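Here's the structure we're looking at; comments come further down.
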């Protein structure tokens, strides 16, 4: 093993240890915070239990169940808002400077399954494809899932222009445009299509910027002796760590919102 390989290995291992240490510290910090909060809180006395001699056990049990349902219903808006924030985050960051975005205005409200032809080919373009829908009921943008029964009045279909592999080709960008335009015609939807040349120009500027600021920490895996590492063995090891193969051809570790943390 050369000195360069040893140095890269040490840097990679140090970065991994630092990430785990920060995660352990944050988990310990929040656990202590929550434990302190629960210790300070005192259980409130239920007024229904003060007249136990006058009330039957059945009435007391019903009142307790009723209180539990009320507390659960009070927490529903908070939980729903957290879920909404998580799903809306992806749609909020879509931008015509980093994505090729086509907007579809539907003839009638439809689920995301009407874009099934796009879902079948989303890995053909070498860059991430995201679909956001405007919900008919709540009138908010959220990530549209193919098997969801939610009805949408509009869709935004976005193809990412640049990733670590570089800028998308104009040929793939045109193929993506033609596919989405064909789907829109099939479902009788009005469509807004950006100019391909202007989009490529924006992508070139973004790619040049990323080249300047991009930093990467890599870990080289070197098998002992003459033994070779097979692709299937590597794929199984990555899958065991919950890493998934994405449309850019690389394995990514995704967070709860579906965003890549590293690849």
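I want to make sure I understand the PRE zone here: with the label point 7 angstrom from the Cα of residue 113 toward its beta carbon, which residues in the stretch 120-160 have backbone N atoms less than 13 Å away? From the stretch 120-160, the list is 145-151.
Ellipsoid fit via the Cα gyration tensor, the stretch 92-212: semi-axes of 26, 14, 13 Å, each the root of five times an eigenvalue, largest first. Based on C-alpha pairs under 8 angstrom that are at least 6 apart in sequence, the stretch 116-178 has a relative contact order of 33 percent. Per residue, the average separation of C-alpha pairs within less than 8 Å and at least 6 apart gives the stretch 92-212 a relative contact order of 37 percent.
What percent does the relative contact order of the stretch 160-257 come to when contacts are Cα pairs within less than 8 Å and at least six residues apart? Relative contact order for the stretch 160-257 comes out at 20 percent. Computed from the C-beta positions of residue 205 and residue 123, the FRET efficiency with R₀ = 35 Å rounds to 0.85. Each residue, residue 170 and residue 241, gets one label point 7 Å from its Cα in the Cβ direction; the gap between the two is 3.9 nm.
Every number in this text was worked out from the coordinates using simple rules, so none of it is lab data. All figures in this text were calculated on a predicted structure; none of them were measured in a lab. Heads up, the Cβs are rebuilt from the backbone with ideal geometry, glycines too, and the neighbour counts pull from every protein chain shown.
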